[in-house]
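Here is the structure we will look at, set down as structure tokens.
No value in this document is a laboratory result; all are computed from the given coordinates. For clarity, every value in this text was computed on a predicted model and none was experimentally measured. For neighbour counting, all protein chains shown are included, and Cβ atoms are generated from backbone atoms with ideal geometry for every residue, glycine included.
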Amino acid sequence: MIAVGLMSGTSLDGVDAALVEIVPRGAGYRVDLLQFETVPFDTDLRRALSAALAPNEGSIAVAAALHRALGETFGRAALSVAGRAQPRYVASHGQTVWHDGRHSVTLQLGDAFAIREIVRATVCYDFRSADCAAGGQGAPLVPYADVLLFGDCAEDRVALNLGGIANVTLMPAGAAPQSITGFDTGPANMLLDALVRERTGGAQAYDRDGAMAASGAVDTSLLEALLADDYFAQTPPKTTGRERFGAHFLARHSERIGRLRTEDALATLVELTAATVAEAVAAAGLTAAHVIVAGGGARNAALMRRIAERLPNARLETSDAMGIAADAKEAVAFALLGYETLRGRTGNVPAVTGASHAVVLGAIAPRDLTALLAEIASEVAQSAEVRS
């Protein structure tokens, strides 16, 4: 089945859109990435989003307008990546505008019905709410897809996503989807990008390839102050986001950061991410695992080098080596979660999110749903026949 997965993360750089073919294979799937695009937010939309997100205070009227504008943006991104293909469904994570995992409160904007009108296909959306209703934190949800995409019977693996926030999926050899663990380890690109924008007056949005960080030196006193944040001492399940690690987090350390060259400050922030990721992997006893890295941070050579040096026995490579472009992995994951929604299978991992039980994720904006569900049932039945 041809589908589109859409993801817009905490970096606010735009919509990641993945056109995929999903084929059931027994309890799992074969997933082929056919096309991928990142469609940047236009300047006005990004400005409006930034103004509405923590630590700023938005309004109901602003949220409603953003919901519509984001839905139209997501729909155009799906249509663009599909090209001449006609996807049978779209799975959209939406744009998180508020997340308080400890109280099971989360909100993603992006009107699914606007997407449906543009693409003329069923849309699966609002993936986090079902987990929150079951007492979970609503995230991370990608670990379920990670084990289907990357789990292995013969070796320990870790899926590491370096988006605005860094998160890990910890997969011992042979682990089933409901037996793995994972959580947000802390900030990744979010703080790096915020510092670059601040120091360049917005002329640069990020440290390309980690070049500035690579030429800097870590300030150990600043690193210790950053690591003292109580999030890092919390035990999983745990999730975080812009509410804790936005630009205001840097502002709390402005006196120390202000004394540093940009290169040294970036090197220190890189070290913060590397240290917290390595600690998470070490605590799980997976220091010799195959670490599969995705997200924009996979292109940051300085960050990749520091993680590798802190995990010297691990084999570190990007998800490109596994057939899924690093930038596309989370969009692919949500396309897969959408298939599980339509199939009526649970898609969260309670050990990861803290939910009381496994639940079917997502809501559905239907278009010709009866035919779509029949097609899925046929694909699943054919997979079972081949397996037998």
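Report, in deg cm²/dmol and to the nearest 500, the calculated mean residue ellipticity at 222 nm for the chain, where each DSSP H run with n ≥ 4 adds -39500 (n - 2.57) and the sum is divided by the residue count.
After summing the helix terms and dividing by the residues of the chain, the value is -12500 deg cm²/dmol.
Multiplying the sequence separation of Ala217 and Leu373 by 0.36 nm and subtracting their Cα-Cα distance, what value in nm do you get?
Numbers: separation 156, 0.36 × 156 = 56.16 nm, distance 5.56 nm.
Here the segment from Ala217 to Leu373 would lengthen by 50.6 nm.
Given H placed 1.01 Å from N in the peptide plane, which residues other than close sequence neighbours of Asp327 have an amide H under 5 Å from its amide H?
Result for Asp327 returns Gly295.
Using Cα-Cα distances under 8 Å and only pairs 6 or more residues apart, what relative contact order does the chain have, in percent? Present the calculation step by step, with values, prior to reporting the outcome.
Numbers: 870 pairs, mean separation 85.5, N = 388.
Relative contact order for the chain comes out at 22 percent.
Going by amide H atoms built from the backbone, whose H comes under 5 Å of the H on His290, apart from near neighbours?
Asp156, Arg157, Val158, Arg315
Name the long-range amide H neighbours of Thr318: under 5 Å, sequence gap of 5 or more, or other chain; modelled H, no Pro or chain starts.
Those lying under 5 Å, H to H, from Thr318 are Val293.
Can you tell me the order of 131-139, 157-165 when each peptide is scored by its average per-residue count of other Cβ atoms within 10 angstrom, highest first?
Listed from highest to lowest mean packing, they are 157-165, 131-139.
Run the dipole for the stretch 82-241 about the Cα centre, Lys and Arg Cβ at +1, Asp and Glu Cβ at -1, nothing else charged, and hand back the magnitude in debye, nearest 20.
On the way: 11 positive and 18 negative charges, 141 e Å.
In total the dipole reaches around 680 debye.
Loop only per DSSP, at most 16 neighbouring Cβ atoms within 10 Å: give me the trypsin sites (Lys or Arg not before Pro) in the stretch 172-265, ordered by residue number.
Values: sites: Arg197, Arg199, Arg208, Lys238, Arg242, Arg244, Arg252, Arg256, Arg259, Arg261; in loops: Lys238, Arg252, Arg259, Arg261.
Passing both the DSSP loop test and the Cβ count: Arg252, Arg259, Arg261.
Only counting other Cβ atoms within 10 Å, I'd like Ser8, Ser215 sorted with the fewest neighbours first. Don't skip to the answer; put the middle values down first.
On the way: Ser8 29, Ser215 14.
Fewest-to-most ranking of Ser8, Ser215: Ser215, Ser8.
Karplus couplings for the stretch 316-333 from phi (6.51 cos²θ - 1.76 cosθ + 1.60, θ = phi - 60°), rounded to Hz, Gly and Pro as x?
Using θ = phi - 60°, the values come out as 9, 8, 7, 5, 3, 5, 9, x, 10, 4, 4, 6, 9, 4, 6, 5, 4, 4 Hz.
Got a sec? How would Ile364, Ile60 order by Cβ neighbour count within 10 Å, fewest to most? Before the final figure, lay out each step's value.
Working: Ile364 19, Ile60 7.
Ascending Cβ contact count within 10 Å gives the list Ile60, Ile364.
Could you work out Rg/(2.2 N^0.38 Å) for the stretch 142-322, with Rg from alpha carbons only? Before the final figure, lay out each step's value.
Details: Rg = 16.0 Å, N = 181, 2.2 N^0.38 = 15.9 Å.
With N residues counted in the stretch 142-322, Rg over 2.2 N^0.38 Å equals 1.01.
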